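Participant: Dumping the structure here so I can ask a few things about it.
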Amino acid sequence: MVPVDDRLVEAAREDPQAFADLIRQHQDHLYNFLYRMTGNREDAEDLAQETFVRVFRALHRFRAGSPFKPWLYKIAVNLAINHYHARKPTAPLLDELPSGSTFTSPELMAELRETQRDLRRALLELPEQYRAILLLRHLNELSYEDIAGTLEVPVRTAKVRLHRARKMLQARMFGAQKASDHELRESERPAPSLS
């Protein structure tokens, strides 16, 4: 059986409606990926649109039988990296948390929000190649082979970069937690007496 992407890509070469269907199939995941790469909704929308424009222009060169998703993300990653070099991310990511349930305390929800904020901040601090590989693997759930194809590197290199990216993110998260704990301890210290 021919995968859905293969049929859509083949049809999209001749039919604008099929290309629109191809966009609909990938637009949400692509936007989420680009949003996490840039940290800015408007930039993510612009880059997603530019990605699809470039896909449309290059669709006739796409090799039939090749996986479409890595090719799509390769274009998006390159655009995001070029954008990153032109302009550093400035706006923090603001994701909605699920509404509190009867089993979740307000304290736990506040802690979860803080952890998510620290994670988003730490992710934006990573060099773009490491941010991209983390998002491709954990947000878009691409295989190592697809990541390697997207980034045009050997599979082993993709695995090594992912390992390094995880370590860097962990270090930044641990550093943020350590700084937060230090600030808390400092705020709990009694004020020095002036006598």
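The values are calculated or read from the model by the stated rules, or taken from the named source; none is laboratory data. Fair warning: this is a prediction, and the values are worked out from it, not measured in the lab. Glycine also receives a Cβ, built like all others from the backbone with ideal geometry; neighbour counts cover every protein chain displayed.
Participant: Out of all the residues in region 27-47, which are under 21 Å from GLU10 (Cα atoms) and in contact with a helix residue (DSSP H, G or I) (Cβ under 6 Å, 6 or more places away or on another chain)?
Facilitator: LEU30
Participant: Give THR157, THR150 a once-over and let me know the one that is closer than 14 Å to LEU136 by Cβ, among the polar types (S, T, N, Q) and at pLDDT 90 or above.
Facilitator: THR157
Participant: Of the residues ALA48, ALA11, ALA58, which single one is over 11 Å from ALA76 (Cα atoms), out of contact with any Asp or Glu (no Cβ under 7 Å at 6 or more places or on another chain), surrounded by 14 or more Cβ atoms within 10 Å (Cβ to Cβ) and of a type in the set (A, V, I, L, M)?
Facilitator: Values: ALA48 fails: over 11 Å from ALA76 (Cα atoms); ALA58 fails: surrounded by 14 or more Cβ atoms within 10 Å (Cβ to Cβ).
When all the criteria are applied, what remains is ALA11.
Participant: Please determine, by comparing only the residues of region 83-111 that are at pLDDT 70 or above and surrounded by 12 or more Cβ atoms within 10 Å (Cβ to Cβ), which one is farthest from VAL153 (Cα to Cα).
Facilitator: Here the residue is MET109.
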